[in-house]
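We did not get these values from a lab; they are worked out from the coordinates using the rules stated. Nothing here was measured: the structure is a model prediction, and the numbers come from that model. Glycine gets a Cβ as well: all are built from the backbone with ideal geometry, and neighbour counts include every protein chain shown.
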Amino acid sequence: MIYCQTVHDDQLDRMFALDMIPSMFIDHVYYWGDTHVKNLGAERGKRISPAKSAFNRDLKVNFHQDSPIVPPNMLQTHWTAANRKPRIEQTIGADQRIDI
């Protein structure tokens, strides 16, 4: 399933049961994380692209980019997944950081 931007835990459980693979556009955290927090509220905004929750459920997660929306740079994408720091504000959803 592509994006999985605002997927909930129960939906991740169902994805696991259906043997689905979530593909997360994690760069949203870096480029627009502060905007997501403002538009969705703090609780929902900090959970955009919840990679840690997906990995904790043994889902086979992958990350994708939508070039030319963002530059094609998978190192940046993995850095963002590990640090969850947007360009402007402070860390968003620290509990969703992953180990690389």
- Message: Can you tell me how the range 2-96 classifies by the Cα gyration tensor, rounded, prolate or oblate, using a/c under 1.5 as the rounded cut?
- Response: oblate
- In nm, to one decimal, how far is the modelled label at Tyr3 from the one at Ile69, with both set 7 Å along Cα→Cβ? 0.7
- Note on the structure: Exposure proxy check on Met74, Met15: fewest-to-most Cβ neighbours within 10 Å is Met74, Met15
- Message: Can you give me the distance in nm between label points at Ile21 and Arg57, each placed 7 Å from the Cα along the Cα-to-Cβ direction?
- Response: 1.7
- Fewest to most neighbouring Cβ within 10 Å: what's the order for Ser23, Ser49, Ser67? Ser67, Ser23, Ser49
- Item | chymotrypsin sites (Phe, Trp or Tyr not before Pro) restricted to the range 27-100 and DSSP loop, no more than 13 other C-beta within 10 Å | none
- Query: What residues have an amide H closer than 5 Å to that of Phe63, excluding those fewer than 5 places away on the same chain, when H is modeled at 1.01 Å from N in the peptide plane?
  - Reply: Met24
- Item | Projected label distance in nm at Gln90 and Gln11, using a 7 Å step from Cα toward the beta-carbon | 2.8
- Return the lysines within reach of Lys85: Cα separation strictly under 22 angstrom, same-chain partners fewer than 8 residues apart disregarded; answer none if there are no such residues. Lys38, Lys46, Lys52
